[in-house]
Amino acid sequence: MDEQAPAMSRNQIITWWASIIGVCAVIAFGSIFVTRAYLLRRDYEFKNWRPPHIARLETDLDAINRDGKNVSLGELRKKVYVAGYQYTDCPAGCLGMASVMKLLEEEFGDDPRFRLVSISVNPEGDTPEKMDAWVREHGIDSEDWWFLTGDAGEIAKYMISEFKFYGTEEVTDPEQIAAVGEFMHDTRLALVDGEANIRGYYDVMNVQRGDTEYERLVRELKMVLDPELKLSDFDLGIEKE
């Protein structure tokens, strides 16, 4: 019995190591399979990614354009538009937002499917005449760019419930009013497709990433206008798998 014991121990050791090697092989091959599947999935998503459907304008908004005509957002069905929340007495930010939107007008204004919409944060102060004068003064006059005013309560409710914009806060500190204006409001731009789906929000006024957000807006606007475009069609400065 004693002579057989070492042989049995060697067999057990061999079996033990064989089991460990087998388990390691299974783990290694499994890891390779999972990693490959992940890379293939990432490559597929990169090539086929589309701006998501974030929200939807379920109801319509009736308003008054700067030319005094009654309009509704429903009239923009089948159009792709970028919407911003602004007001004429804003000391800086709203003019900056308008400047960004003017860049969009310059790049996409010849496309009959494209529109711009600026909705007043302060409808009680922004009469159509005042908005029209403000537009002409700042050189952003375009028939395809709506500047909307109307019922203050209805607009405020709509911007929160439908556009999912942040609520507006009235500023009371005189020094703060001089710096930021009478209202603290959402300064993002929203991209809306031809079926009233919101496809993206863009923080173009952000000090740190405003330029990057604008580039993202332009890229995704092009993708919404042209369903054939994929993310891989753009030079993003990253390697594609």
inquiry  = I need the Debye-formula profile for the stretch 55-229: one equal scatterer per C-alpha, no solvent, reported as log10 I(q)/I(0) at q = 0.12, 0.20 1/Å, two decimals.
reply    = -0.51, -1.57
query = Taking the Cα-to-Cβ direction at E195 and at K164 and moving 7 Å from each Cα, how far apart do the two end points lie in nm?
reply = 1.6 nm
key: Chain lengthening between E175 and D67 when straightened (0.36 nm per residue, less Cα-Cα)   = 35.5 nm
query = What ranking do 197-205, 60-68, 170-178 get when scored by the average of other Cβ atoms within 10 Å per residue, highest first?
reply = 197-205, 60-68, 170-178
request  = Please go through the residue pairs K78/K222; K164/K230; K102/K157; K69/K130 and name each one whose alpha carbons sit more than 23 Å apart in this structure.
outcome  = K164/K230; K102/K157
task = Could you tell me whether the stretch 56-103 comes out rounded, prolate or oblate from its Cα gyration tensor? Rule is a ≥ b ≥ c as square roots of the eigenvalues, rounded for a/c under 1.5, then prolate if a/b exceeds b/c, otherwise oblate.
result = prolate
query = Placing +1 at every Lys and Arg Cβ and -1 at every Asp and Glu Cβ, with all other atoms neutral, what dipole size does the stretch 55-229 have around its Cα centre, in debye to the nearest 20?
reply = 500 debye
task = Measure off 7 Å from each Cα along the Cα-to-Cβ vector at Q12 and H53, then give the distance between these two points in nanometres to one decimal.
result = 6.5 nm
task = Work out the FRET efficiency for F29 and E215 from their Cβ-Cβ distance, taking R0 = 45 Å, and round it to the nearest 0.05.
result = 0.60
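A short reminder: the numbers here are calculations on the coordinates, not readings from a lab. Every value quoted in this text rests on a predicted model; they were computed, and no experiment measured them. Neighbour counts run over all protein chains shown; Cβ positions are idealised from the backbone, glycine included.
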